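Some notes on the structure that comes next.
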Amino acid sequence: MAETNPNSRLEAFCDGVFAIALTLLIIDIKIPSTIEINNTPDFWVALKHITPSILAFILSFIIILITWVNHHNSMKLMNKSSASFIYANGFLLLTVVFVPFPTSLIGEYISTDYAAPAVILYNSVLALQAIGWILLCQAALKNHLGKNEKSTRAIHKNGKFGYFAFILYSLCTIAAFWFPLTIAIITAVTWIFWLVHGINIKHEEMI
């Protein structure tokens with residue numbers, strides 16, 4: 001039987017990468033062996049100690065999930081692929097699988113005096129992810145991969161949002177030198193916007 005979706009293997013590969021990235025987030029969440037637990041109150045204190053890690057895990061899970069939703073909906077705008085598009089997609093996936101590392105750093109250091117480097121690295125990864133989106137959209141436009149004119153316009157709009165995201169997270173990276181906790185909160189809030197944007201991508205695909 002002929003393959004109805006020429007990008008089905010690429011989408012399956014991407015789904016697998018996203019799933020692995022989501023799974024890796026939870027690996028570093030554990031009670032440190034240096035904490036001594038002798039009774040139930042000690043156990044609750046130990047859980048309180050890893051609360052920042054749990055919150056960082058939830059944030060990054062949401063970020064990767066929204067990225068997957070946006071990526072999934074963006075792929076629906078294409079009816080074919082190209083070499084440059086596949087490599088651009090690979091770079092985007094690289095930034096996705098890197099998210100667990102700064103996530104673990106934020107979980108460990110966000111409540112300390114050493115929070116700045118963790119938040120800086122976190123937003124740097126998101127800025128690189130924005131570059132991935134830009135490259136992906138440019139490859140799709142250059143190789144005329146859109147299903148139709150409306151899909152092409154949606155891809156072009158996604159590229160513009162990629163530039164917006166790059167500027168936003170680059171500024172957040174710089175500001176995190178002085179205001180790491182505030183920037184961490186701002187970073188979390190920005191993903192409400194990307195969730196809404198993903199819904200709009202789906203709307204464009206359905207038109």
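The values are calculated or read from the model by the stated rules, or taken from the named source; none is laboratory data. Computed from a prediction, not measured in an experiment: that's the story for all the values here. Note that each Cβ is placed from the backbone with ideal geometry, even for glycine, and that neighbours are counted across all protein chains shown. Please note that ligands, DNA and RNA were not included when accessible areas were found on the heavy atoms of the full protein model with its side chains. Shrake-Rupley method; radii C 1.70, N 1.55, O 1.52, S 1.80 Å.
Points to keep in mind about this one:
- Every residue from region 21-30 that is loosely packed, with under 13 Cβ neighbours inside 10 Å and either more than 21 Å from the chain's Cα centre (by Cα) or touching a residue at least 24 places away in the same chain (Cβ under 8 Å) (or both): I27, K30
- Pairs where the first residue, in region 42-58, is within 17 Å of T112 (Cα to Cα) and the second is surrounded by 13 or more Cβ atoms within 10 Å (Cβ to Cβ) and small (G, A, S), C-beta under 6 Å, 6+ apart: P52/G107; P52/S111; S53/G107; A56/G107
- Selection from region 33-80 of residues that are among the polar types (S, T, N, Q) and either open to solvent by less than 20 Å² (accessible area, probe 1.4 Å) or modelled with pLDDT of 90 or more (or both): S60, T67, N70, N73, S74
- Note on region 152-168: residues that are surrounded by fewer than 21 Cβ atoms within 10 Å (Cβ to Cβ) and of a type in the set (S, T, N, Q) amount to 1.
- Qualifying residue in region 88-111 (condition: outside any helix (DSSP H, G or I), open to solvent by 40 Å² or more (accessible area, probe 1.4 Å), in contact (Cβ under 8 Å) with a residue 40 or more places away in the chain and of a type outside the set (S, T, N, Q)): no
- Candidate set: region 86-131, residues that are under 15 Å from the mean Cα position of the chain (by Cα) and among the polar types (S, T, N, Q); chosen: the one farthest from I50 (Cα to Cα): N89
- Applying the criterion of being over 20 Å from A56 (Cα atoms) and part of a loop (DSSP other than H, G, I, E, B) to the residues of region 112-151, the residue that is most open to solvent (accessible area, probe 1.4 Å) is H144.
- Residue within region 3-20 that is polar (S, T, N, Q), within 25 Å of A127 (Cβ to Cβ) and under 26 Å from the mean Cα position of the chain (by Cα) present: no
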